[in-house]
1. Suppose we keep only residues that are at pLDDT below 95 and among the basic types (K, R) within the range 34-60. Which one would you say is nearest to A84 (Cα to Cα)?
2. Could you check how many residues of the range 99-110 are part of a helix (DSSP H, G or I) and more than 20 Å from the chain's Cα centre (by Cα)?
3. List pairs: first in the range 196-212 and farther than 13 Å from L267 by Cβ and without any contact (Cβ under 8 Å) to a residue 24 or more places away in the chain, second surrounded by 23 or more Cβ atoms within 10 Å (Cβ to Cβ) and not aromatic (F, W, Y), Cβ under 7 Å, 6+ apart or cross-chain?
4. Quick one: which residue in E239, E167 is among the charged types (D, E, K, R), surrounded by fewer than 13 Cβ atoms within 10 Å (Cβ to Cβ) and touching a residue at least 24 places away in the same chain (Cβ under 8 Å)?
5. Would you check which residues across the range 92-107 are charged (D, E, K, R) and at pLDDT 95 or above and list them?
6. Which condition number in (1) closer than 27 Å to D129 by Cβ; (2) in contact with a helix residue (DSSP H, G or I) (Cβ under 8 Å, 6 or more places away or on another chain) is the one that A59 fails?
7. Condition first: without any contact (Cβ under 8 Å) to a residue 40 or more places away in the chain and among the charged types (D, E, K, R). Now tell me which residues in the range 170-184 satisfy that.
8. Give me the residue from the range 11-46 that is touching a strand residue (DSSP E or B) at 6+ places or on another chain (Cβ under 6 Å) and of a type in the set (V, I, T) and, out of that set, nearest to L203 (Cα to Cα).
Amino acid sequence: MPSLPTRTLFTQLVDDAAVFPPGNFSLSEAIDRRSARRGTPASDFVGPLLLPPRLIDEALEDHSGLVITVVGRRETPLDEVIAAAENVADAAGHALSGLEVAAVDGWEKALDLSVPVAVEVPAGAAGRDLLPGIADHEGQVIAKLRTGSTPANDVPSVPDTAAFITECVQLGIAFKLTGGLHRAIAHTAGDHATGAEEQYGFLGILLAVQAALLGGDVSAALTDRDETSVTDAIRAMSEADAMTVRNVFTSFGCCDVFDPIHDLAALGLIPERNA
């Protein structure tokens, strides 16, 4: 039986974006799902609950003790995001794990809360031009890139995604991703009727980071669809390799955290009971 990779690769890799599209779970459903996972092996893979400012007051009425990252999109006023985060920070029994803000003028005000801040940059050269400003904050801030399509944006191209990862590695900054990463292996989603879309796999992102760190072919890692090739490379990572890669690629948001967990189990990378 093939060996299992180090668990460090997957610990808190998946942030819980249950209330965001396309999952669109209600807040009560999202909290119930978290409560059901608590104390199970699957909970090791899942990070904080990602919530928009509009749901914070309702979330703080829950008595289960939530770990929350407040997420503001480009259309959300920055002051509204910060005010919601302050409410979480002040709420007894809950914990503010971070903020996610768009790269808008004044985003640096989010640093006043002294929690990790992720700044979402657009794909392409315009987004990469913002990365040196993130690097200036010496580890207080990470970059965020949207890897799933939206009505306004397509999935970023392989060259743009590879360049983003490479630039982050070269500047010494960490990043997180959001959207489109439900599956472990790169694949084509949809069909001719609904519109086919090329999507990345989260294992390919891990391997792309390793390639960038070692001077390898980042684009090839992002586009590798061979399950054996990808899983063998994942299994070959040492504990030190895994820690180095995860210090760069911190997490990705997913609306149904069991999708990536089930994929890992199906590929034999975690025990079936963990899923």
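1. Per the stated criteria, the residue is R34.
2. Final tally of qualifying residues: 2.
3. These pairs meet every condition: A211/V218; A211/A221.
4. Exactly one of E239, E167 is among the charged types (D, E, K, R), surrounded by fewer than 13 Cβ atoms within 10 Å (Cβ to Cβ) and touching a residue at least 24 places away in the same chain (Cβ under 8 Å), namely E239.
5. Passing the criteria: only E100.
6. Of (1) closer than 27 Å to D129 by Cβ; (2) in contact with a helix residue (DSSP H, G or I) (Cβ under 8 Å, 6 or more places away or on another chain), only one is false for A59: (1).
7. none
8. Taking the candidates together, the pick is V14.
The values are calculated or read from the model by the stated rules, or taken from the named source; none is laboratory data. Predicted, not measured: the structure shown is a model, and the values here were computed from it. All Cβ positions, even for glycine, are placed from backbone atoms using ideal geometry, and neighbour counts span all protein chains on display.
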